[in-house]
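The values are calculated or read from the model by the stated rules, or taken from the named source; none is laboratory data. Computed from a prediction, not measured in an experiment: that's the story for all the values here. Every residue, glycine as well, gets a Cβ built from its backbone with ideal geometry; the counts of neighbours run over all protein chains shown.
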Amino acid sequence: MGIRFDLIISSTIAGVIILMLFRVNTFMMETSVDNRLIHEMQNFADATALLIQNELRSLESIESLTDSTIRFATTEQDTIEIFKQGRDLIILRKDVATLMTETEEYAARLHSLSFTPKKTNNEEALNIANAAIIHFRVVTETTPEQHVGGKGQIQAYAEKQIYLRNIFYE
């Protein structure tokens, strides 16, 4: 009984080609999902930064500022508090006239949220009283379940600096 190498080699080559095609297809799917997630996380970070910026436009005076929470009075004397809870952005509005509290929750996929008071020369201010700028940074992050194969992590960043002209020139 003779060995026919032409039959063995041709089926081996066909098998290797099929494996290569499946691997290329899997790689293209992983790359496509990663590109979509990068774009999505950056959009979440940018949208969250714009949302916080719009809330801070009516800032009249800062009541408290920690590294992850800001509470301030608006020009209409309402109180607004912005903070991270889990992976969501929470905005609490308390109307002084009616004492009603309104809670807005945004699914921002946050990893971290930080607020830093700064002076005009971009140094960190020791307290709120001598701060002229509020610098905030938003970091969004994917979960492993969003990736092909259940592993991986993508983060996106957005930063803004808000000049406190209402407070600084009082």
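Is at least one residue of the range 60-72 in contact with a helix residue (DSSP H, G or I) (Cβ under 9 Å, 6 or more places away or on another chain) and not in a strand (DSSP E or B)? No, the range 60-72 has no match at all. Evaluation of ARG57 against the conditions (1) surrounded by 14 or more Cβ atoms within 10 Å (Cβ to Cβ); (2) closer than 16 Å to ILE133 by Cα shows that the sole unmet condition is (1).
For the range 105-115, enumerate the residues that are over 17 Å from PHE136 (Cβ atoms) and either surrounded by 15 or more Cβ atoms within 10 Å (Cβ to Cβ) or out of contact with any helix residue (DSSP H, G or I) (no Cβ under 9 Å at 6 or more places or on another chain) (or both). Write out each step before concluding.
At the first step, the residues of the range 105-115 found to be over 17 Å from PHE136 (Cβ atoms) are 105, 107.
Selection gives GLU105 alone.
For the range 1-58, a residue qualifies if it is modelled with pLDDT of 75 or more and in contact with a helix residue (DSSP H, G or I) (Cβ under 7 Å, 6 or more places away or on another chain), and the qualifying residues are VAL33, LEU37.
When the criteria are applied in full, THR120 fails the requirement of being farther than 30 Å from GLN146 by Cα, surrounded by 15 or more Cβ atoms within 10 Å (Cβ to Cβ) and more than 17 Å from the chain's Cα centre (by Cα). Quick one: in the range 80-104, of everything that is more than 22 Å from LEU50 (Cβ to Cβ) and among the hydroxyl-bearing types (Ser, Thr, Tyr), which residue is surrounded by the most Cβ atoms within 10 Å (Cβ to Cβ)? Residue satisfying both the conditions and the ranking: THR101. Each residue in the range 72-94 was checked for being β-branched (Val, Ile, Thr) and either under 9 Å from LEU110 (Cα atoms) or within 22 Å of the chain's Cα centre (by Cα) (or both), and 4 pass.
Across the range 144-165, the number of residues qualifying as in a strand (DSSP E or B) and within 17 Å of the chain's Cα centre (by Cα) comes to 7.
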